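This report concerns only the one structure given below.
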2 protein chains.
Amino acid sequence: MGRVHRSIFSAALFTALALVAGACGSSSDDSVISESSAAIATERGLSEADINAALKTYTPSGQIDEYIMFASGGHSGQVFVIGMPSMRLIKEIGVFTPEPWQGYGYGDENHEDLFAAGAAGDEELTWGDTHHPALSETGGDYDGEYLFINDKANGRVATIDLRDFETKQIIKNPISINDHGGTFATPDTEWVIEGGQYATPLAWDYAPLDDYETDYRGMITFWKFDRAAGRLDYDASFAMELPPYWQDVCDAGKLVSEGWIFCNSFNVEMSTGMDPADPENSEPFEAGASAGENDYLHIINLEATTAVAAAGKTVEVNGFPMITLDTVIEENLLYFAPEPKSPHGVDITPGGEYMVVSGKLDPHVTIYSFEKIQKAIAAGGFETDQYGVPLLAFDDVVEAQVEVGLGPLHTQFDDQGYAYTSLFLDSDVARWSLGGPYREDGWKLEGTIDVHYNIGHLATAEGDTVSPDGKYLVALNKWSLDRFFHPGPLYPQNFQLIDIDEPGPEMQLLYDMPIGNGEPHYAQIIKADKLNPYTVYPEVGWDPGTMSVDPDAPQVGTEGVIRDGDNVTVNMTLVRSHFTPERVEIFEGDHVTWNLTNIETSEDATHGFTIPGYNINLSLEPGETATIEFDADNSGVFTFYCTEFCSALHLEMAGYFLVEPK
Amino acid sequence: MGRVHRSIFSAALFTALALVAGACGSSSDDSVISESSAAIATERGLSEADINAALKTYTPSGQIDEYIMFASGGHSGQVFVIGMPSMRLIKEIGVFTPEPWQGYGYGDENHEDLFAAGAAGDEELTWGDTHHPALSETGGDYDGEYLFINDKANGRVATIDLRDFETKQIIKNPISINDHGGTFATPDTEWVIEGGQYATPLAWDYAPLDDYETDYRGMITFWKFDRAAGRLDYDASFAMELPPYWQDVCDAGKLVSEGWIFCNSFNVEMSTGMDPADPENSEPFEAGASAGENDYLHIINLEATTAVAAAGKTVEVNGFPMITLDTVIEENLLYFAPEPKSPHGVDITPGGEYMVVSGKLDPHVTIYSFEKIQKAIAAGGFETDQYGVPLLAFDDVVEAQVEVGLGPLHTQFDDQGYAYTSLFLDSDVARWSLGGPYREDGWKLEGTIDVHYNIGHLATAEGDTVSPDGKYLVALNKWSLDRFFHPGPLYPQNFQLIDIDEPGPEMQLLYDMPIGNGEPHYAQIIKADKLNPYTVYPEVGWDPGTMSVDPDAPQVGTEGVIRDGDNVTVNMTLVRSHFTPERVEIFEGDHVTWNLTNIETSEDATHGFTIPGYNINLSLEPGETATIEFDADNSGVFTFYCTEFCSALHLEMAGYFLVEPK
């Protein structure tokens, strides 16, 4: 593991510098500034590199960050919104895990529906393992409208609307209980890709491990995105059956390779792990899944695939259309190419010409040529794998290999024709040059930079688009060890911001950001000015579930409590510093429908709403309406109040909810 | 509201400065450093103040922060651990809200017990509104061992062990459904104070609002802390009945005032809000609770109170001992002093001599003298409030009043004899000087600094102790408006770090930290070197619930699956990159007890464990053991895997859990 051996910039040097400025400069404020700054740097023991990094990242009060990073929160189940270069957490978006500060999943009926749709059969799921966020794209560039993300643990995908940075949809994959290789958007976001991971019987079914080769399957699911609705369209989506190799990360082709999807895989050995009943004839996964020489890069003809699905050449699995493996082969939808064993990622160059794969047990990155792949496909005459999938010859499709270091995982790109590969074992980021049409002197290692420690993914500014910005790279390091104060045995992760603006072998470490609320897996970085979020909801009475005004939302003058037998409807408005009505009196056992509207139209004038003891909390942004529904099973006196400090009389923004015993 | 009108430090000035250094300095590296730094500052438009702030806060990779701030997460229900001066989030501790990244509340039996203990009767509560964190103290100084925090929404307190920064205890207050004025520790942490907020019938009971004056009550609860056990001792604790004023923040006396507790209150008017049935004869809370001239500072003789409780002069309320208001009066446990109406805080000076109260509708801070309070009590001959509580005369007990600005809320102290008061309406922090024994020229306003915007609490380094450090102050601002990129209509809060090291009227804004995952209410700031957290658990097989080794924890060699009828016990160990056993095969309907031990002893070698579709996720730190228990109601094939990226073969750290249908 690399560690920074930072030479402390000496106090003497700073004193000298300050003296120089003082002696030679005028007695104006100029030299005073320099002396004061130099004294601070000296006192804090900052090196020249530290000073430069401080100045490159410090973002003064009121200055807006140039980039916004959307990082998965890993097994927090959330998405983190981070400003760059300040590396400050601007929002943690509730996605698969309820989060009460934003009132997500604590009574709001919209969220109840969302979580119900994301259940695995009867099993409610209140967390996820978010892995790969994907920004919506137009023409291969991020358009700033939507974000998608998957839940590896439970095989789910979610849609986030970037007008209000809220989750609008959770879908449970009907084919597979888990996933990994999603989400990835096609260049116009017509499709959002969810690839699989650990092979299981399809449709969450049971089959013994003895029947692994026949009854276990991999999958890739193609979710159709309906941009007008802002939702993945379940009814227009479908899955593809794959051999029971463990599919991993996918990427969508772009420009020259648009219309194709690439996924890699591991465990084509089809190891089923150590069998406690037969230890002599089985081996653990880390050995069994690494036994062979190669795994298979999956090359999928998306255009042909969607045509086959549209033609109805599918079967229903758990009520969901799936193209069977037989049809896949018959219709020439899928090709394999050998790849160095057990890779993590496949990443497509900005122009779509190359597919970069790193086998994590091989010190090279392997670069496939889309042109060569097409030629090989056209030439025909393939061998096949044991399931009959055509197998392209390695030498026919590989353009180059570059030795980058130990444990290469993932690759990102910049605007200078460089690629950046994370090296898990070396704890490094390698910068290497792409060949033509990117650089004349390509396919060679340019330099490396230490990271701290155990890097997984990495992300460059606009790095997954047809026109990366370069400038910044973030290393998503899994271990932090000695980098921060350690808050007990669970250490934070470490995002390291790296300056990649200067060409050549050198890169500069700018900032260490501890991540103490999740284990981010991957990130997307977008120019902040491409995002156009609401400051307040467009109209008072806005339902974020439909993104339109609810004509029945409570408004000033329509507040009150209406009883219909045992059904009670409360219509309430909120404004600084008052609930109307301020008293709600009902009977034990009543069924309550409580509608609320925050009638504020000022930025940041959010109100919260909680009923103690009822596990309810809402966050009502300016203009927002929401509904909660519950049975008043507990009698007593419950003091509802505003949970968001809204005004000088915030503590007085309260009321009494009386539930009289029967 | 104040806004920074920052003059942009001109590019020309920097160029001049660089030239000066270049022309006058040698051709050594010295001037190069200056030129490069100056160029960066110029390019980024940083002013002199910005540069200084950047250098004062930038914390290079591997440098440990000097202070650690524990901030409540507000209605996130959590606690945030933040390094200072870097203002980086090091951990979000799961407290009242389940959090899957740290495996908190997703199957671990220890946490199931914790949440069960925190339920309100039959109602499970999965969030909280954390308000006031309190560090444990020894001799009035933070000792770095424990942290306590309350849940305002549901009237609960929690205990966090700072060896592993994990929540060990949640207690539901048996008297009151909600609280506010907690937690506050006495100087040796013998007692942890939980004050009330909105008056309700005691024991979560029902009574109509017409009976408010007779049947509604305030409360303060005294939780006995058992330091050896690391838990609040429910059986040794008790409550005190108070009039149905809305008690607010409390503070414990120290040094000269040790043995006394101070709480303030609002709504001594006993407004019950707008009655929809009788709008002519009622008024909303913000008017009704602000109608009178004064509220009452509650002055409690803690020593006498604990003696009365120990003597058994209590009644049982919901099975919990409570000193009735009659006994409180009879035993001279409580005195009132008028305070400017509707205050937020009462804060005791480091030496314990003064109690500072701010009525938020009065531009002054009001300073009470403990000595004068004692004299007034000794003099006797009081008036009483309508419940018979002795009422000290304002002029007898007040030492001084200082006009500080509009909307004063809370006060903190430094090591220079200054006090700092947050001004909500002005969006300022006021620095004012204390009188003797602190400063000769005391009781006057020194200066103010703009904050952005709507400050609630504020916190200084070691500010609640008998020996504050000064140096830094954090403004906990509720609104951020134009300070950051706004991620939709829900804006982050804004923590502003302020340099208070230099005496006099000026203070320097150093850093804006957006808080995008909760609304912190209050914070405690401790010197980092006072904390001694574990790096790994002391022994393999450590149970964080008992903070000791579990002799039955799975260890290498004891792994396996044991069946006893329909009860299945799984004993599993985890190590990079392997689960043992790697296959678990059972039948639908079996009751499963799954014991796991992470046998790692290396720092940061955490493993996660999830079973897809079963809503289970654990985070097992090095050495940790945990147990999950569930009915295998869903048949199928579930691929458990390590959710914490642990090693190069992390993806291979997986196994098959087969549940065969019956």
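Every number here is computed from the coordinates shown, using simple stated rules; none is lab data. What you are looking at is a predicted structure, and each value in this text was computed from that prediction instead of being measured. Methodologically, a virtual Cβ is constructed for each residue, glycine included, from the backbone with ideal geometry; neighbour enumeration extends over all protein chains shown.
Here are the numbers for this structure:
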item: Sites residue A:109 and residue B:124, calculated FRET efficiency, Cβ-Cβ separation with R0 22 Å, nearest 0.05; result: 0.70
item: Computed E for residue B:588/residue B:235 - FRET, C-beta separation, R0 56 angstrom, nearest 0.05; result: 0.85
item: Residue-averaged 222 nm ellipticity for the protein assembly as shown, from DSSP H runs of 4+ at -39500 (n - 2.57), nearest 500; result: -3500 deg cm²/dmol
item: Amide H contacts under 5 Å for residue A:169, placed H, 5+ residues apart; result: A:159
item: Residues with amide H under 5 Å from that of residue A:362, placed H, sequence gap 5 or more; result: A:407
item: Shielding of B:534-546 by partner chains, average beta-carbon count, 10 Å; result: 1
item: Global form of the range A:542-660, assessed from the alpha-carbon gyration tensor, a/c cut-off 1.5; result: oblate
item: Taking A:580, A:625 and counting other C-beta atoms within 10 Å, the order from fewest to most; result: A:580, A:625
item: Along principal axes, Cα extents of the range B:582-640, largest first, whole Å; result: 38, 19, 17
item: Backbone N within the range B:160-189 under 18 Å of label point (7 Å from residue B:64 Cα along the Cβ vector); result: B:162-166
item: Globularity ratio of chain A, using Cα Rg and 2.2 N^0.38 Å; result: 1.07
item: Length added when fully stretched, residue A:630-residue A:556, from 0.36 nm per residue minus Cα-Cα; result: 24.2 nm
item: Shielding by other protein chains, B:290-298, mean Cβ within 10 Å; result: 0
item: Spacing of the two label points (7 Å from each Cα toward its C-beta) at residue A:549 and residue A:440, in nm; result: 6.3
item: Straight-distance crosslink candidates among lysines, where the alpha carbon sits under 27 Å from residue B:56 and sequence neighbours closer than 8 are dropped; result: A:56, A:91, A:471, B:91, B:471, B:478, B:527, B:530
item: Label 7 Å beyond Cα on the Cβ vector: residue A:139 copy-to-copy distances, nm; result: 7.1
item: Distance in nm between pseudo-label sites at residue A:391 and residue B:227 (7 Å out along the Cβ direction from Cα); result: 7.0
item: Spin-label pair residue A:564/residue A:374, simplified geometry with 7 Å Cα→Cβ offset, distance in nm; result: 6.2
item: R0 of 51 Å, Cβ-Cβ distance residue A:527-residue B:361: FRET efficiency to nearest 0.05; result: 0.65
item: Projected area averaged over orientations for the protein assembly as shown, convex hull of C-alpha atoms, nm²; result: 49.1
item: Distance histogram in 5 Å bins (all Cα pairs of the range B:502-559, percent per bin); result: 4, 10, 11, 11, 13, 13, 9, 9, 7, 6, 3, 2, 2, 0
item: Fewest-first ranking of B:540, A:81, A:561, using other Cβ atoms within 10 Å as the exposure measure; result: A:561, B:540, A:81
item: Gained length - residue A:660 relative to residue A:403, 0.36 nm times residue gap less alpha-carbon distance; result: 85.1 nm
item: Rh by Kirkwood over Cα pairs, then Stokes-Einstein D for the range A:395-554 at 1.306 mPa s and 10 °C, µm²/s; result: 89
item: 10 Å Cβ neighbours from other chains, averaged over peptide A:36-47; result: 5
item: Likely footprinting exposure, A:135, B:423, A:445, fewest C-beta neighbours within 10 Å first; result: A:445, B:423, A:135
item: Teacher prompt: residue B:228 distances to equivalent labels in other copies, 7 Å Cα→Cβ, nm; result: 7.4
item: Pseudo-label separations to other copies for residue A:503 - Cα-to-Cβ vector, 7 Å, nm; result: 5.9
item: Kirkwood estimate for the range A:244-335, i.e. one over the average of 1/r between Cα atoms, Å; result: 15.3
item: Reachable lysines from residue A:224, criterion Cα separation under 16 angstrom, eight or more residues apart if same chain; result: A:168, A:172
